[in-house]
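Reviewing the structure listed below.
The values are calculated or read from the model by the stated rules, or taken from the named source; none is laboratory data. Worth saying up front: this structure is predicted, and the values here are computed from it rather than measured. Quick reminder, even Gly has a Cβ in these numbers, built from the backbone with ideal geometry, and neighbours come from all protein chains shown.
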Amino acid sequence: MAMLAPTPAGLAGRDLLSVDQLGRDRLIELLDLADHLKMLQGRGVPHRLLPGRTLAMIFQKASTRTRVSFEVGIGQLGGSAVVLSSSEMQLGRGESIEDTGIVLSRYVDAIMIRAGAHAEVEALAAAACVPVINGLTDLHHPCQALADAQTLRERLGDLDGRTLAWVGDGCNNVCHSLITAVGMLGMEVRVATPLGFEPDPAVVAAAGPVTVTDDPLEAVAGADAVATDVWTSMGQEAERDQRVSNLTPYQVNRELLASAAPGHVVLHCLPAHYGEEITHEVLHGPSSAAWDEAENRLHAQKALMAMVMA
């Protein structure tokens, strides 16, 4: 029977609100642990690293992959989850996020929150006495980036010197976290996006060398990985028609990918809007890693929980 890997203690008790908080060494430790836990699960080996621990999960936005992967993951680690929607909590009736964090800290061992404004998650973390994990905000989606980085390592091996192209809306939480994570792992990053859709300048500065262009062909040429996301995220529905009009030239399709490197990988965090940011042919084609990404949300988040709740 395989031995359990030691749980790195460098993140114990710490929040994870954005990927850059990890640093390169901790990110690699976390991804190595995620790989190991995935191997153990594949062999049917129990890995109850967090027996008796409880995770509170606050949802201010709808969720499929985040909810299921965290709830299943904490169970496989030997713990349990309390699932809370803001409409069912006093938070939805005017209780402050700070008071919510103080109270939940008396009950649980960590809090995961899927919210809108990033500042609200920062306020929760400042008030809570237990680790807070960002399950999504307008600005960052670190858990998705961890799963994406794990998937890229599985598909491409060592990422140092490889190239990732992001195509579409650059001012996007998944883009922000992904370019930060892969930049820390040594990838060259290119973002193809129209004027007015560029990634947050502060994120770009923290991510390292990032080329931003309005030419998707320039970004994708020779790229080892091509990533995209929906053009209209939750809360942007009123802007849908204008966003689709601006972003239509940035669709990830077979023609665009013809200039990518042989053996390239296509990433999409899901759900997808077929015929907009990506075609059905590509997302269900041989270069797509979207389904591995979705699965790796489970493994990467188990590693994250094991590290911060150790």
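Those residues that are of a type outside the set (Gly, Ala, Ser), in a loop (DSSP other than H, G, I, E, B) and over 23 Å from Leu164 (Cα atoms), I need them from the stretch 214-247; list them, please.
Applying the first criterion (of a type outside the set (Gly, Ala, Ser)) to the stretch 214-247 yields 214-218, 220, 224, 226, 228-232, 234, 236-237, 239-244, 246-247.
Subset that is in a loop (DSSP other than H, G, I, E, B): 214-215, 224, 229-232, 234, 236.
Across the stretch 214-247, the qualifying residues are Met234, Gln236.
Please go through the stretch 112-167 and pick out each residue that is in a loop (DSSP other than H, G, I, E, B) and on the phi > 0 side of the Ramachandran plot. Lay out the reasoning, then the answer.
Applying the first criterion (in a loop (DSSP other than H, G, I, E, B)) to the stretch 112-167 yields 115-117, 128-131, 137-141, 157-162.
Correct list: Gly157, Gly161.
Starting from the stretch 83-110, take each residue that is over 11 Å from Ile58 (Cβ atoms) and list its partners that are exposed (fewer than 15 other Cβ atoms within 10 Å of the Cβ), counting only C-beta distances under 6 angstrom and pairs at least six apart or across chains.
Ser105/Cys129
Got a sec? Which of Glu255, Glu276 is in a helix (DSSP H, G or I), of a type in the set (Asp, Glu) and over 17 Å from His176 (Cα atoms)? Break it down stepwise before answering.
Details: Glu276 fails: in a helix (DSSP H, G or I).
Selected residue: Glu255, the only one of Glu255, Glu276 that is in a helix (DSSP H, G or I), of a type in the set (Asp, Glu) and over 17 Å from His176 (Cα atoms).
Anything in the stretch 272-295 that is touching a His at 6+ places or on another chain (Cβ under 7 Å) and over 25 Å from Lys38 (Cβ atoms)? List them, or say none.
Taking the stretch 272-295 as the starting set, the residues that turn out to be touching a His at 6+ places or on another chain (Cβ under 7 Å) are 274, 278, 283, 287, 290.
Within the stretch 272-295, Tyr274, Ile278 qualify.
In the stretch 279-310, which residue that is assigned to a loop (DSSP other than H, G, I, E, B) and touching a strand residue (DSSP E or B) at 6+ places or on another chain (Cβ under 8 Å) is nearest to Val72 (Cα to Cα)? Spell out how you get there, then give the answer.
Taking the stretch 279-310 and keeping what is assigned to a loop (DSSP other than H, G, I, E, B), we get 279, 284-287, 289, 309-310.
Going one step further and asking which of them are touching a strand residue (DSSP E or B) at 6+ places or on another chain (Cβ under 8 Å), we end up with 279, 285, 287, 289, 309.
On the way: Thr279: 30, Gly285: 28, Ser287: 28, Ala289: 21, Met309: 16 Å.
Among them, the one singled out is Met309.
Being of a type in the set (A, V, I, L, M) and either out of contact with any helix residue (DSSP H, G or I) (no Cβ under 7 Å at 6 or more places or on another chain) or part of a loop (DSSP other than H, G, I, E, B) (or both): is that true of Ala181 here?
On the way: of a type in the set (A, V, I, L, M): yes; either out of contact with any helix residue (DSSP H, G or I) (no Cβ under 7 Å at 6 or more places or on another chain) or part of a loop (DSSP other than H, G, I, E, B) (or both): no.
Taking the combined requirement at face value, the residue does not satisfy it.
For the stretch 113-151: of the residues being crowded, with 19+ Cβ neighbours inside 10 Å and out of contact with any helix residue (DSSP H, G or I) (no Cβ under 7 Å at 6 or more places or on another chain), which is nearest to Ala219 (Cα to Cα)?
First, pick out the residues of the stretch 113-151 that are crowded, with 19+ Cβ neighbours inside 10 Å: 113-115, 121, 124-125, 128, 130-151.
Among the residues that remain, those that are also out of contact with any helix residue (DSSP H, G or I) (no Cβ under 7 Å at 6 or more places or on another chain) are: 121, 125.
Values: Val121: 33, Ala125: 37 Å.
Residue satisfying both the conditions and the ranking: Val121.
Considering only the stretch 26-70, state which residues are under 16 Å from the mean Cα position of the chain (by Cα), among the charged types (D, E, K, R) and assigned to a loop (DSSP other than H, G, I, E, B).
Lys61
Restricting the first residue to the stretch 33-61 and requiring it to be hydroxyl-bearing (Ser, Thr, Tyr), which pairs with a second residue that is not in a loop (DSSP other than H, G, I, E, B) meet a Cβ separation below 9 Å and a spacing of at least six or different chains?
Within 9 Å, the pairs are Thr54/Ile74; Thr54/Ser80; Thr54/Ala81; Thr54/Val82; Thr54/Ala110.
Answer yes or no as to whether Ala123 is modelled with pLDDT of 95 or more, hydrophobic (A, V, I, L, M, F, W, C) and assigned by TED's automatic domain parsing to the domain that holds Phe197. Give the derivation first.
On the way: modelled with pLDDT of 95 or more: yes; hydrophobic (A, V, I, L, M, F, W, C): yes; assigned by TED's automatic domain parsing to the domain that holds Phe197: no.
So Ala123 fails the test.
Condition check ((1) aliphatic (A, V, I, L, M); (2) within 15 Å of the chain's Cα centre (by Cα); (3) within 21 Å of Asp32 (Cα to Cα)) across all residues:
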{"position": "Leu159", "(1), (2), (3)": "yes, no, yes"}
{"position": "Gly168", "(1), (2), (3)": "no, no, no"}
{"position": "Asn173", "(1), (2), (3)": "no, yes, no"}
{"position": "Ala181", "(1), (2), (3)": "yes, yes, yes"}
{"position": "Val191", "(1), (2), (3)": "yes, no, no"}
{"position": "Phe197", "(1), (2), (3)": "no, no, no"}
{"position": "Ala202", "(1), (2), (3)": "yes, no, no"}
{"position": "Ala206", "(1), (2), (3)": "yes, no, no"}
{"position": "Val210", "(1), (2), (3)": "yes, no, no"}
